[in-house]
Amino acid sequence: MTETQAPRVHATNFDYRSSRDVEALTLFFKDYLLEEHERLRHFPSGIPLASWLNTILLHVDDEPVGFCSADLTRYAIELIYVAPEHRRLGIARWILTDLRDACPERMRIKAPLSPACRKLAEQLAIPISSPTPDEEARGERAIKDLHETIRQRCRHRRVGSDLRPCHRCYQALLRRAAVAMVTEPSVAMRNAARLLGGAVA
Ligand SMILES: [Zn+2]
């Protein structure tokens, strides 16, 4: 099953000028945030799009089914997401193997990972890179501030405990974050390309 599916799968570089690509990446990143938030109970780390990332859309035939962003400066997979209905077809295995083999240095994958992704990384001998204590402390502070902001702004009756801010407010924030974290870099890249007369593709 896994192997026979592979030829139908292909990857394209995310195109910030394409509204279809922007829409697809926003959708998958939103689903990633919502899904990982259910698992981790806080704002998940990982960035879908930035100047220092190579972002790839994954397709089955012509349908986008997920994405992968790779940190070019650290030779590390920043994020990988495949929509639930397209999992267990070997898509993540295929792209990670391809990127690993093309990587000029030993490629890593950034934690935190879902249990399935952790298992896959181990099978493919891709080391998992954990945040440094500094990064971890910064992340924890950012999450604490975020939770405080959610609590302050929440107008629902159940404000939530210290550890678990209001679920409704959190989900709304994740949806807004997904739109902003894909749209803003896309617009910035478009503007940069315009300023440079299209020299940056
Ligand atoms: Zn609320």
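The values are calculated or read from the model by the stated rules, or taken from the named source; none is laboratory data. If you're wondering where the values come from, they're calculated on a predicted model, not measured in any experiment. Every residue, glycine as well, gets a Cβ built from its backbone with ideal geometry; the counts of neighbours run over all protein chains shown. Side chains included, ligands, DNA and RNA excluded: accessible areas come from the protein's heavy atoms. Shrake-Rupley method; radii C 1.70, N 1.55, O 1.52, S 1.80 Å.
Is there a residue being at pLDDT 95 or above and open to solvent by 70 Å² or more (accessible area, probe 1.4 Å) anywhere in the range 38-45? Among the residues of the range 38-45, not one is at pLDDT 95 or above and open to solvent by 70 Å² or more (accessible area, probe 1.4 Å), which makes the answer no.
Exactly one residue among ARG74, ARG108 is of a type outside the set (Gly, Ala, Ser), over 30 Å from ARG164 (Cβ atoms) and at pLDDT below 95, and that residue is ARG74. The C-beta contact set for the range 19-31 (first residue in contact (Cβ under 8 Å) with a residue 60 or more places away in the chain, second residue of a type outside the set (Val, Ile, Thr) and open to solvent by 30 Å² or more (accessible area, probe 1.4 Å), distance under 8 angstrom, 6+ apart or interchain) comprises PHE29/MET181; LYS30/ARG175. Of the residues making up the range 110-127, not a single one is within 16 Å of the ligand (Cβ to nearest atom), aliphatic (A, V, I, L, M) and surrounded by 12 or more Cβ atoms within 10 Å (Cβ to Cβ).
Restricting ARG155, ARG88 to those that are within 16 Å of the ligand (Cβ to nearest atom) and in a loop (DSSP other than H, G, I, E, B) reduces the list to ARG155. Looking only at residues of the range 158-174 that are modelled with pLDDT under 90 and more than 8 Å from the ligand (Cβ to nearest atom), we find that the one that is most open to solvent (accessible area, probe 1.4 Å) is LEU163. Filtering the range 45-85 to residues that are over 19 Å from THR26 (Cβ atoms) and assigned to a loop (DSSP other than H, G, I, E, B) leaves TRP52, ASP61, LEU72, THR73, ARG74, TYR75.
Kindly indicate whether THR73 is open to solvent by 20 Å² or more (accessible area, probe 1.4 Å) and touching a Phe, Trp or Tyr at 6+ places or on another chain (Cβ under 8 Å). Answer is yes for this residue.
Scan the range 10-29 for residues that are of a type outside the set (A, V, I, L, M) and surrounded by 20 or more Cβ atoms within 10 Å (Cβ to Cβ) and jot them down. Give the derivation first.
Initially, the range 10-29 is screened for residues of a type outside the set (A, V, I, L, M), giving 10, 12-21, 23, 26, 28-29.
Residues satisfying the conditions are PHE14, TYR16, ASP21, THR26, PHE28, PHE29.
Going through the range 98-150 one residue at a time, which ones are touching a residue at least 40 places away in the same chain (Cβ under 8 Å) and part of a loop (DSSP other than H, G, I, E, B)?
Step one: of the range 98-150, the residues touching a residue at least 40 places away in the same chain (Cβ under 8 Å) are 98, 110, 112, 114, 126, 129, 131, 139, 142-143, 146-147.
Matches in the range 98-150: PRO112, SER114, ILE126, PRO131.
Assess whether ARG87 counts as being basic (Lys, Arg), farther than 30 Å from LYS144 by Cα and either surrounded by fewer than 20 Cβ atoms within 10 Å (Cβ to Cβ) or in contact (Cβ under 8 Å) with a residue 60 or more places away in the chain (or both). So ARG87 passes the test.
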